[in-house]
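Have a look at the structure below, then the notes.
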Amino acid sequence: MPGYELFGAEERKEVNDVLETGILMRYGFDGPRKGIWKARELEQEICRKFGVKNSQLLSSGTAALSTAMAALGIGAGDEVIMPAFTFVASFEAVIGVGAIPVLADIDDTLTLDPEAVERAITPKTKAIMPVHMCGSMAQLDELKQLCEKHKLLLIEDACQAIGGQYKGKYLGSIGDAGTFSFDFVKIMTCGEGGAVLTNDATVAEKCDQYSDHGHDHYGKDRGADLHPYMGYNYRISELHAAVGLAQIRKLDGFLELQKRNHQIIYNGLKDIPGISFRRIPDPAGDTGSFLSFFLPQAAQAKAVAEELAKAGIGGNPYWYDNNWHYIRKWEHLMNASFMNHIPEEQKQGIMAHANRAFAASDAIISRCISSAIQLGWTEEEAAERAAKMADIIRAVLHHTGA
Ligand SMILES: *Cc1c(COP(=O)(O)O)cnc(C)c1O
């Protein structure tokens, strides 16, 4: 799954270009930087590769989500519908702009169930934020239809699905805005970093300003910049952008290896009676970064995860007991535990939505294991791993009488 596995001479060369000039900042210093603009170049590569008109690099995927929401005008009193299964960053960003995260159930795609989303829509709903979890996509046609019907914004959290596609379009390029994370364990990495993708020039301009203290960036002289809006510092550095520039050029190679190894693990597990696989709305667009499968019962999934770990076969998270990715362990969200004061209305809204029951999601996540796919496995290593996994799964199913 992660691009860090194939860090090499290409990344070192790009970073060295920056070290040669010593200009580590993405803006200004036009003379001494000697034509080296890594962040700018990576933004152009992102637009070209993913087929969008604009992209804005940020310091993280979380910053990308926050920036996209601010630029789309999401704020106090607004509700954003997001899945109960995602990474904590998704609700951090919603809360950060003053809005309320409304969690909705997922289905067997491991992404938002469009029917649950429709039930969650209220007059306060401003946006739907599907998360393309574990390398594969949400049901974008259905969600887009809901957005059109109810006049809502669509923000794709594509942080875990860089290079994935839906019906021929890249994930992240389809909504009003889409976001990538380039943190160290994502499909491609900058070390730390993120991006907003959008075809809307006004949203893009606001992202550019928001991420750099609101500076308007109209002239050549930073000191003369005016401030049409309030902003923050979510800039990426040239060193991080340089790593990403090397990685994006290798992305197709990463995806090819990932899909190959994904297929080998799938082939090894597909004939086990009783297990089933995540439903993928457009199988051709799967990045292959995880192979997610379901056991018939929750106790069996938990046992398989434990046996795999015991056998030294790592990288098979059982999300139901995982502290980062599922509502069940997000106590800080359920209790609205903030270090500082936030508006009481927002706090009450957060707690009301986080403390609802998520029976449909529980029924899915409690039976699910996602097997992370590595780029570095040879075909033989992948096949050997699949065979060991299959033995363990069969043994658990046998002992539990399935
Ligand atoms: C990684 C991730 C993010 C946040 O990215 P960072 O760069 O780590 O801030 C957001 N959403 C999802 C689904 C992620 O997996």
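Coordinate-derived values only; no laboratory data. Please read all numbers here as calculations on a predicted model, not as lab measurements. So basically every Cβ, Gly included, is an ideal-geometry build from the backbone, and we count neighbours across all protein chains shown.
Here each label is just a point 7 Å from Cα along the line to Cβ, and for E306 and M351 those points are 3.5 nm apart.
Here the Karplus relation 6.51 cos²θ - 1.76 cosθ + 1.60, evaluated at θ = phi - 60°, turns the backbone of segment 355-370 into coupling constants of 9, 6, 7, 10, 4, 5, 5, 4, 5, 8, 5, 5, 10, 9, 10, 10 Hz, with x for every Gly and Pro. Counted over segment 99-212, the DSSP beta bridges are approximately 50% antiparallel. Counting neighbouring beta carbons within 10 Å and listing from fewest to most, the residues V304, V15 come out as V15, V304.
Using just its DSSP H runs of length 4 or more, each adding -39500 (n - 2.57), the chain gives a mean residue ellipticity at 222 nm of -12500 deg cm²/dmol after division by all residues. Of all lysines in the structure, the ones whose alpha carbon falls short of 22 Å from that of K220, not counting any fewer than 8 places away in one chain, are K34, K38, K206. Using 0.36 nm per residue, how much length does the chain from R119 to F7 gain when fully extended, once their Cα-Cα distance is taken away? Full extension from R119 to F7 adds 35.8 nm. The value of relative contact order for segment 252-399, using C-alpha pairs under 8 Å at least six residues apart, is 39 percent. Converting phi to 3J(HN,Hα) with the Karplus coefficients 6.51, -1.76 and 1.60 and the offset θ = phi - 60°, segment 212-223 yields 9, 6, x, 3, 6, 6, 7, x, 8, 9, 4, x Hz in sequence order, with x at every glycine or proline. Each residue, N267 and H398, gets one label point 7 Å from its Cα in the Cβ direction; the gap between the two is 2.4 nm.
Residue exposure proxy: E156, E142, ordered by other Cβ atoms within 10 angstrom of their Cβ from fewest to most, comes out as E142, E156.
If both residues of a DSSP beta bridge must be in segment 3-251, then about 45% of such bridges are antiparallel. Computing FRET efficiency as 1/(1 + (r/R0)^6) for R260 and I313, where r is the C-beta to C-beta distance and R0 is 25 Å, gives about 0.85.
Taking the Cβ of L58 as the center, what net charge do the other residues with Cβ under 12 Å away carry, scoring Lys and Arg +1 and Asp and Glu -1?
-3
Each of F358, F182 was scored by other Cβ atoms within 10 Å of its Cβ. Arranged with the fewest first, they read F358, F182.
Take every Cα pair under 8 Å whose residues are at least 6 apart in sequence, average their separation, divide by the length of the chain, and the relative contact order is 21 percent. For the chain, the square roots of the Cα gyration tensor eigenvalues, ordered a ≥ b ≥ c, give a/c of at least 1.5 with a/b no greater than b/c, which places it in the oblate category. Contact order for segment 191-292, expressed relative to its length and based on alpha carbon pairs under 8 Å spaced 6+ residues apart, stands at 20 percent. What angle do you read, to the nearest 10 degrees and between 0 and 90, between the alpha-carbon axis of helix 344-354 and the longest principal axis of the chain? For helix 344-354, the angle is close to 30 degrees. Once the Cα-Cα distance is subtracted from the 0.36 nm per residue extended length, the D391 to E45 segment shows a gain of 120.2 nm. When peptides 102-111, 328-337 are sorted by average Cβ neighbour count within 10 Å, with the highest value leading, the order is 102-111, 328-337.
The angle between the Cα long axis of helix 298-310 and the longest principal axis of the Cα atoms of the chain comes to about 80 degrees, rounded to the nearest 10.
In this simple spin-label approximation, H217 and V88 carry label points 7 Å from Cα along the Cα→Cβ vector, and these lie 3.0 nm apart. Once the Cα atoms are used to define both axes, helix 9-21 deviates from the longest principal axis of the chain by about 20 degrees.
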